[in-house]
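Written below as structure tokens is the structure these notes are about.
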Amino acid sequence: MVIEYRVIEESELDAYLVADELAFGFRRNPNEPLDWPRGDLDRAFAAFDGAEIAGTGRNYTFELTVPGPACVPAAAVSWIGTLPTHRRRGVLVGMMDVLHRDARERGEMLAMLTASEGGIYARFGYGIATMRLACRIARENAALRDAPSAGGRVRLLSSDDARRVLPELWDRVRPRCPGYVSRPSFWWPSTYFDRAEEGAARMYAVHETPDGHVDGSVTYEVHNRWHGGFPDARVEVWDIVSENDTARRALCEYLLSVDLVTRYDIINAPLDEPLRWWLVNPRAMQAEYLIDQLWVRLLDVAVCLAARRYEVPGTVTIEVVEPDGSRTRVALDGGSDGAQCAVTTATADLTIPLPALGSAYLGGISLSSLGRAGLVEEHTAGALARADAMFRTRVAPHTPSWF
């Protein structure tokens, strides 16, 4: 079997969509907008077995916010799929090589993805950089502690207004928040606005300051149910975006006061979500599951490490082990005002596999915890503690997006 990898033509998009459906075992809604599939079409690759598309994979041109904060160019890997008839034949390995080469040629320092399965991507150099917390709050336990009113108001948006206001808010907020990624114009329609579950009411609300500035939003669905004349609705919270904690609290207070509701499901909360501490009963915010969200692969280690800022000043020499076993040694000198990193021949303080370095890159997963798992070797006493102090962030990195 000879597989050819190439960018698809626009005329091949329908076949590409079908191949993706077959790989994931679903059928696409024929009325679904095609903004997301058509976006960055010049980066949509297919693995061809003769005339048949045997696998799919593509990069999107995104940015990732890293500690500093700073926005860096990143390849957003998506649409990874292989036909059931072609699995275990190296199609995925070839596709990942093609996508990484494409990203490097475009000057992107890292690649990132949100995975459908958690056991695939470490062997390609990706590490879990942010986590996704899903939690549930019962209405009867949803009371918030009293807090001084900061003024402003929460108001509902029409769908048309939401399509204008929410992208503007996101573009203001995401450069400040490590783990946030860009949401290009073609991402929003089919990936966000037009994906409401059948029978659910999609709602959009914003918080405004007293002078009318929108500084927060929440997108949620109401799943209405009634039993014996009593309401049993469920609110599913998709997205809370805020410039500050005042707006976030106001939006949470609004959500927890929605009528005819018996429970609230938050499907992607940050690990340090403050709502737990605003509740009279913190136990009421019960974790449903905690899973990986954003996976990161550093394509140019020295450039990536120099691009972010560090909580405390320090130096450390790291030997990075690539998935193929090759090794690169870099010397990092970083602090809150900037960083320098370059390839070196100096003795390594730490040896870190590339996926583990990707996990630590945004500051949400400590190198010490990875070391306890046997993934980091310390050669110089104190180097691991020093690196921990440098890499950590005051706010847990979080990725509300999916792609």
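What's the number of the condition L357 fails, among (1) in contact with a helix residue (DSSP H, G or I) (Cβ under 6 Å, 6 or more places away or on another chain); (2) under 24 Å from A111 (Cα atoms)?
(1) is the only condition that L357 fails.
Identify all residues within region 35-75 that are closer than 25 Å to M109 by Cβ and acidic (D, E); write none if there are none.
D40, D42, E63 - these are the residues of region 35-75 that are closer than 25 Å to M109 by Cβ and acidic (D, E).
I'd like the full set of residues that are crowded, with 22+ Cβ neighbours inside 10 Å and among the acidic types (D, E), limited to region 335-367.
Residue satisfying the conditions is D349 alone.
For (1) open to solvent by less than 80 Å² (accessible area, probe 1.4 Å); (2) in contact with a Pro (Cβ under 6 Å, 6 or more places away or on another chain); (3) of a type outside the set (S, T, Y); (4) farther than 30 Å from W226 by Cβ, each residue gets a yes or a no:
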site	(1), (2), (3), (4)
E168	no, no, yes, yes
D171	no, no, yes, yes
G179	yes, yes, yes, yes
S185	no, no, no, yes
R195	no, no, yes, no
A201	yes, no, yes, no
Y204	yes, no, no, no
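Which ones in region 144-163 are surrounded by 14 or more Cβ atoms within 10 Å (Cβ to Cβ) and in contact with a strand residue (DSSP E or B) (Cβ under 8 Å, 6 or more places away or on another chain)?
L144, G152, V154, L157, A162
Considering each of R183, R163 in turn, give the residue that is in a loop (DSSP other than H, G, I, E, B) and either modelled with pLDDT of 95 or more or over 25 Å from the mean Cα position of the chain (by Cα) (or both).
Sole residue among the options that is in a loop (DSSP other than H, G, I, E, B) and either modelled with pLDDT of 95 or more or over 25 Å from the mean Cα position of the chain (by Cα) (or both): R183.
Looking only at residues that are part of a loop (DSSP other than H, G, I, E, B) and touching an Asp or Glu at 6+ places or on another chain (Cβ under 6 Å) in region 222-243, which one is surrounded by the most Cβ atoms within 10 Å (Cβ to Cβ)?
Selected residue: E243.
L256 fails exactly one of the following numbered conditions: (1) closer than 13 Å to R139 by Cα; (2) over 26 Å from the mean Cα position of the chain (by Cα). What is the number of that condition?
(2)
Can you give me the number of residues within region 58-77 that are at positive phi and open to solvent by less than 30 Å² (accessible area, probe 1.4 Å)?
0
Starting from region 13-26, take each residue that is under 17 Å from A51 (Cβ atoms) and open to solvent by 70 Å² or more (accessible area, probe 1.4 Å) and list its partners that are charged (D, E, K, R) and not in a helix (DSSP H, G or I), counting only C-beta distances under 9 angstrom and pairs at least six apart or across chains.
V18/R28
Quick test for you: out of I53, I3, pick the one residue that is open to solvent by 30 Å² or more (accessible area, probe 1.4 Å) and either touching a helix residue (DSSP H, G or I) at 6+ places or on another chain (Cβ under 7 Å) or hydrophobic (A, V, I, L, M, F, W, C) (or both).
I3
Just need a number here: residues in region 111-143 that are closer than 15 Å to V296 by Cα, surrounded by 14 or more Cβ atoms within 10 Å (Cβ to Cβ) and within 14 Å of the chain's Cα centre (by Cα).
Final tally of qualifying residues: 12.
If you take the residues of region 244-267 that are free of Cβ contacts under 8 Å to residues at least 40 places away in the same chain and open to solvent by 50 Å² or more (accessible area, probe 1.4 Å), which of them is farthest from C177 (Cα to Cα)?
L260
So for region 279-300 (the condition being open to solvent by less than 20 Å² (accessible area, probe 1.4 Å), over 16 Å from R234 (Cα atoms) and polar (S, T, N, Q)), does at least one residue qualify?
yes
Please enumerate the residues belonging to region 302-317 that are over 19 Å from T393 (Cα atoms) and not in a helix (DSSP H, G or I).
T317
Please go through (1) more than 30 Å from V312 (Cβ to Cβ); (2) open to solvent by 10 Å² or more (accessible area, probe 1.4 Å); (3) out of contact with any strand residue (DSSP E or B) (no Cβ under 6 Å at 6 or more places or on another chain); (4) in contact (Cβ under 8 Å) with a residue 60 or more places away in the chain for G39 and return the number of the only condition it doesn't satisfy.
Unmet for G39, out of (1) more than 30 Å from V312 (Cβ to Cβ); (2) open to solvent by 10 Å² or more (accessible area, probe 1.4 Å); (3) out of contact with any strand residue (DSSP E or B) (no Cβ under 6 Å at 6 or more places or on another chain); (4) in contact (Cβ under 8 Å) with a residue 60 or more places away in the chain: (2).
Which residues, counting only those in region 81-98, are closer than 15 Å to D20 by Cβ, among the hydrophobic types (A, V, I, L, M, F, W, C) and open to solvent by less than 30 Å² (accessible area, probe 1.4 Å)?
L83, V91, M95
Suppose we filter R263, R283, R297 for residues that are in contact with a Phe, Trp or Tyr (Cβ under 8 Å, 6 or more places away or on another chain) and either within 27 Å of P73 (Cα to Cα) or not small (G, A, S) (or both); which single one remains?
One residue alone meets the criteria, R297.
Would you mind stating whether G364 is within 27 Å of C177 (Cβ to Cβ), of a type in the set (G, A, S) and touching a Pro at 6+ places or on another chain (Cβ under 6 Å)?
When the stated conditions are applied, G364 passes them.
Would you mind finding the one in R58, R87 that is touching a strand residue (DSSP E or B) at 6+ places or on another chain (Cβ under 7 Å) and charged (D, E, K, R)?
R58
The values are calculated or read from the model by the stated rules, or taken from the named source; none is laboratory data. Computed from a prediction, not measured in an experiment: that's the story for all the values here. A quick note on method: Cβ atoms are made from the backbone with ideal geometry, for glycine too, and the neighbour counts reach across all protein chains shown. Note: areas computed on protein heavy atoms with side chains; ligands, DNA, RNA excluded. Shrake-Rupley method; radii C 1.70, N 1.55, O 1.52, S 1.80 Å.
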